[in-house]
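For reference, the structure is listed below as structure tokens.
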Amino acid sequence: MIDKIARLMQVVLITAAAIVGPGASLGWAQTANPAPADHPEITVHGLKFTPGSILARNMGTPEDQTTQFPPHKIIGNLYYVGTRTLSSFLIVTPQGDILINSTYERNVPTIEKSVEQLGFKFSDIKILLGTHAHSDHQEGDALMKQLTGAQTMAMAEDVPALQAMTPGGKEHPIDKTLHDGETVTLGGTTLTAHLTPGHTRGCTTWTMKARESGKMYNVVIGCSLRPPATLTPNVVAEFSHTFPLVRSLACDVPLGDHPAQYNMREKYAKLRDGAPNPFIDPDGCTYEVDIEEAMFHALLDEQQKAVGH
Ligand SMILES: [Zn+2]
């Protein structure tokens with residue numbers, strides 16, 4: 001009899017959980033088979049985004065992360081040498097080249113292939129930079145340095161996270177520590193490092209000027225602005241500094257450490273000799289910050305409601 005009552009109670013509980021539905025407090029019946037939390041949902045520029053959809057858009061499939069995207073000129077002396085979903089940028093100068101983002105270590109041979117296919121020498125890479133201390137952007141730094149001898153530079157606030165990145169036991173190379181606003185110059189091209197924290201402590205947005213048809217354009221190579229699931233007071237303070245700063249940068253050519261952040265695929269498809277350069281897109285300069293700032297505020301609202309503010 002006690003058994004029967006216990007079983008009946010189970011049915012009642014499961015039924016109650018089913019009626020209350022997802023989004024209600026998680027009973028044991030649901031935690032036994034948890035669905036990943038993927039909220040809030042926001043609409044920006046007519047498109048719907050969730051934390052999960054932004055991550056999926058950024059990363060694609062494991063195959064996308066490691067498959068070469070056709071290497072191409074973006075503007076002036078700036079080229080794309082990354083995979084379908086992980087950006088690597090090459091800046092070519094008469095005194096050697098600069099690479100931004102080695103991505104995963106396993107992608108280093110793909111980047112080498114892309115550099116050579118564009119007609120440049122991999123061994124000409126003299127400086128290696130990064131956007132932020134996550135393995136999908138900077139895990140390959142040690143191997144890249146081993147193969148090219150490039151000097152590596154990193155934003156001070158990202159150094160601890162980079163030092164913790166040791167693929168195959170290799171120490172993360174950091175030859176020079178940078179601070180907000182510092183510049184890196186090689187062969188007449190100057191890159192400025194802007195500290196734009198939030199996604200990581202030392203997330204770095206790079207700006208440079210590129211010349212095309214006698215005109216100079218402001219290029220912004222954005223660091224990821226994707227907020228983490230839990231917003232600590234520190235992260236909130238960092239993003240509160242970063243969003244307005246990113247919006248204030250002079251920008252004609254918006255780029256990002258994941259191609260989806262600047263619609264690379266669509267722009268690449270529009271490349272034609274004699275046609276306007278699709279990467280010159282001042283109207284697209286706030287596309288990514290609009291999405292991430294809206295998501296940040298939606299997450300913050302949700303978090304504050306959860307603690308009863
Ligand atoms: Zn990241």
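The values are calculated or read from the model by the stated rules, or taken from the named source; none is laboratory data. Just so it is clear, the structure is predicted and the values come from calculations on it, not from any experiment. Cβ atoms come from the backbone with ideal geometry, glycine included; neighbour counts cover every protein chain shown. For accessibility, only protein heavy atoms count, side chains too; no ligands or nucleic acids. Shrake-Rupley method; radii C 1.70, N 1.55, O 1.52, S 1.80 Å.
Say whether the condition of being part of a helix (DSSP H, G or I) and buried (at least 23 other Cβ atoms within 10 Å of the Cβ) is met by at least one residue in segment 250-261.
yes
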Only one of (1) farther than 23 Å from T200 by Cα; (2) surrounded by fewer than 22 Cβ atoms within 10 Å (Cβ to Cβ); (3) not aliphatic (A, V, I, L, M) is not met by T148, so which one is it? (2)
Picking from P254, P259, which residue would you name as being away from the ligand (no atom under 15 Å from the Cβ), within 18 Å of the chain's Cα centre (by Cα) and modelled with pLDDT of 95 or more? P254
In this structure, does T205 turn out to be assigned to a strand (DSSP E or B), more than 13 Å from the ligand (Cβ to nearest atom) and hydroxyl-bearing (S, T, Y)? yes
Take the conditions open to solvent by 70 Å² or more (accessible area, probe 1.4 Å) and either away from the ligand (no atom under 16 Å from the Cβ) or part of a loop (DSSP other than H, G, I, E, B) (or both) and apply them to T286. Does it pass? no
Restricting to segment 106-133, count the residues that are touching an Asp or Glu at 6+ places or on another chain (Cβ under 9 Å) and within 16 Å of the ligand (Cβ to nearest atom). 5
In segment 97-120, what count of residues is obtained for those that are open to solvent by 10 Å² or more (accessible area, probe 1.4 Å) and within 21 Å of A210 (Cα to Cα)? 3
Can we say R247 is surrounded by 13 or more Cβ atoms within 10 Å (Cβ to Cβ) and part of a loop (DSSP other than H, G, I, E, B)? no
Which pairs have Cβ atoms under 7 Å, sit 6 or more apart or on different chains, and link a residue in segment 207-229 that is over 13 Å from N277 (Cα atoms) to one that is within 14 Å of the ligand (Cβ to nearest atom) and in a strand (DSSP E or B)? V220/T205; I221/T205; G222/T205; G222/G256; C223/T204; C223/T205
Identify the single condition in (1) under 27 Å from P70 (Cβ atoms); (2) more than 16 Å from the ligand (Cβ to nearest atom); (3) of a type in the set (G, A, S) that G222 does not satisfy, given that it satisfies every other one. (2)
Answer yes or no as to whether G181 is closer than 30 Å to A298 by Cβ and at pLDDT 95 or above. no
Of the conditions (1) in contact (Cβ under 8 Å) with a residue 24 or more places away in the chain; (2) within 20 Å of D97 (Cβ to Cβ); (3) in contact with a strand residue (DSSP E or B) (Cβ under 7 Å, 6 or more places away or on another chain), the single one that I174 does not satisfy is (1)
Show me the strands (runs of 3 or more DSSP E) entirely contained within segment 1-87 in which 3 or more residues are touching a helix residue (DSSP H, G or I) at 6+ places or on another chain (Cβ under 9 Å) and at pLDDT 60 or above. 42-44
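Results for (1) touching a residue at least 40 places away in the same chain (Cβ under 8 Å); (2) in contact with a strand residue (DSSP E or B) (Cβ under 8 Å, 6 or more places away or on another chain), shown as yes or no for each residue.
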site: S102; (1), (2): yes, yes
site: E105; (1), (2): yes, no
site: T110; (1), (2): yes, yes
site: K113; (1), (2): yes, yes
site: G119; (1), (2): no, no
site: M155; (1), (2): yes, yes
site: V159; (1), (2): yes, yes
site: T185; (1), (2): no, yes
I'm trying to understand the selection: among the residues of segment 232-244, which are open to solvent by 10 Å² or more (accessible area, probe 1.4 Å) and within 16 Å of the ligand (Cβ to nearest atom)? V235, E238
